[in-house]
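Asker: Have a look at this one before I ask anything.
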There are 2 protein chains.
Amino acid sequence: MARAATTSDAFNAVAEPRRREILDHLASGEHSVNDLVIRLRLEQPSVSKHLRVLRDVGLVRVRRHGRQMFYQANAEGIRPLHEWTKTFERLWAHQLTRVKERAEQKAKDSSEG
Amino acid sequence: MARAATTSDAFNAVAEPRRREILDHLASGEHSVNDLVIRLRLEQPSVSKHLRVLRDVGLVRVRRHGRQMFYQANAEGIRPLHEWTKTFERLWAHQLTRVKERAEQKAKDSSEG
DNA sequence: TTGACATATTCCTATATGGGAATATATTTA
DNA sequence: TAAATATATTCCCATATAGGAATATGTCAA
């Protein structure tokens, strides 16, 4: 079996750095495809293809205005990722505490030694 | 160019559902490979291979005890994902507000009409 | 040392890319 | 209708899987 399709869910869709860049730009509001092409310095077909993936997994919405297509982020689609990563929040708090404690103990030992 | 390697960063690593399952289990503490094999009902080589990817991107740490290898989650590695998704938090708050407002307006309209 | 146990790696294959190039589709304007 | 503009899709290819099967490596027990 090959890797899951990028369109299988939001996790797979945002694994691609360019798509995260696109979403970062759309976080500031609606943008046309050409806006993204210019700002991200990517080829137009590339941007369109990435937007297609983001659309398929529900991470962006589109609106047509004349010849232009205006895309906006659908943040609700990112929420599951946020919720999942959040379940590890307590862990990194604890683990950092332990790292800090070890560092302090070490400093104490060396000042005493 | 093909898709980025699963070992290129945490985003790519956790795009695979099995790897998220593994991390979910490791969130509760250290587990041996066989523990994971039994709990997740996956083939042992499959678990080892997923753990290898997680290790390469720094999402888990290993400790040997006799013949067994005990893995634990390194939550720090998940933090960048949490931070990135967090930048969209204000958006889904706003967007939900708008959805709610529209729903209320619609309800009002229909009760008046 | 030999066998058993625990885990890791290699080999194989079907599949899904992401980018580049070319082309198709949709809409406005002359 | 034809030309121009904006965006989307298709075709091609090198590359990276994920899982299954087989095998290798490492460690303990007799």
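The values are calculated or read from the model by the stated rules, or taken from the named source; none is laboratory data. All values derive from a computational prediction rather than experimental measurement. With ideal geometry, Cβ positions are generated from the backbone for all residues, glycine too; neighbour counts draw on all protein chains shown.
Asker: Checking residue A:2 against (1) exposed (fewer than 14 other Cβ atoms within 10 Å of the Cβ); (2) more than 30 Å from residue B:21 (Cβ to Cβ); (3) within 15 Å of DNA strand D (Cβ to nearest atom), which test does it fail?
Answerer: Every condition holds for residue A:2 apart from (2).
Asker: Now for a separate question. Looking at residue A:75, is it within 14 Å of chain B (Cβ to nearest Cβ) and surrounded by 14 or more Cβ atoms within 10 Å (Cβ to Cβ)?
Answerer: Working: within 14 Å of chain B (Cβ to nearest Cβ): yes; surrounded by 14 or more Cβ atoms within 10 Å (Cβ to Cβ): yes.
For residue A:75, the condition - within 14 Å of chain B (Cβ to nearest Cβ) and surrounded by 14 or more Cβ atoms within 10 Å (Cβ to Cβ) - is met.
Asker: Any idea how many residues of the range A:35-52 are touching an Asp or Glu at 6+ places or on another chain (Cβ under 8 Å) and buried (at least 20 other Cβ atoms within 10 Å of the Cβ)? Break it down into steps so the answer makes sense when it comes.
Answerer: Keep residues of the range A:35-52 that are touching an Asp or Glu at 6+ places or on another chain (Cβ under 8 Å), which gives A:37, A:40, A:50.
Still in the list and also buried (at least 20 other Cβ atoms within 10 Å of the Cβ): A:50.
The qualifying residues number 1.
Asker: Of the numbered conditions (1) among the aromatic types (Phe, Trp, Tyr); (2) in contact with a Lys or Arg (Cβ under 6 Å, 6 or more places away or on another chain); (3) within 14 Å of DNA strand D (Cβ to nearest atom), residue A:71 satisfies every one except a single condition; which is it?
Answerer: (2)
Asker: While we're looking at this one, here's another question. Name the residue that is farthest from residue B:77 (Cα to Cα), counting only residues in the range A:37-94 that are of a type in the set (Ser, Thr, Tyr) and either in a helix (DSSP H, G or I) or touching a residue at least 60 places away in the same chain (Cβ under 8 Å) (or both). Let's see the steps before the verdict.
Answerer: First pass over the range A:37-94, keeping only residues of a type in the set (Ser, Thr, Tyr): A:46, A:48, A:71, A:85, A:87.
From the residues that got through so far, the ones that are either in a helix (DSSP H, G or I) or touching a residue at least 60 places away in the same chain (Cβ under 8 Å) (or both) too are A:46, A:48, A:85.
Working: A:46: 29, A:48: 31, A:85: 10 Å.
By that ranking, first place goes to A:48.
Asker: Being at pLDDT 95 or above and more than 22 Å from the chain's Cα centre (by Cα): is that true of residue B:64 here?
Answerer: Details: at pLDDT 95 or above: yes; more than 22 Å from the chain's Cα centre (by Cα): yes.
Taking the combined requirement at face value, the residue satisfies it.
Asker: Any idea how many residues of the range B:46-72 are within 14 Å of chain A (Cβ to nearest Cβ) and of a type in the set (Lys, Arg)? Step through it out loud before you land on a result.
Answerer: To start, the set of residues in the range B:46-72 that are within 14 Å of chain A (Cβ to nearest Cβ) comprises B:46, B:49-50, B:53-54, B:57-61, B:71-72.
Among the residues that remain, those that are also of a type in the set (Lys, Arg) are: B:49, B:61.
Residues flagged as within 14 Å of chain A (Cβ to nearest Cβ) and of a type in the set (Lys, Arg) within the range B:46-72 amount to 2.
Asker: Within the range B:10-21, count every residue that is within 13 Å of DNA strand C (Cβ to nearest atom) and touching a residue at least 40 places away in the same chain (Cβ under 8 Å). Outline the logic, then answer.
Answerer: As a first pass, look at the range B:10-21 and keep what is within 13 Å of DNA strand C (Cβ to nearest atom): B:11-12, B:15-16.
Now drop any that are not touching a residue at least 40 places away in the same chain (Cβ under 8 Å), which leaves B:11-12.
Number satisfying all stated conditions: 2.
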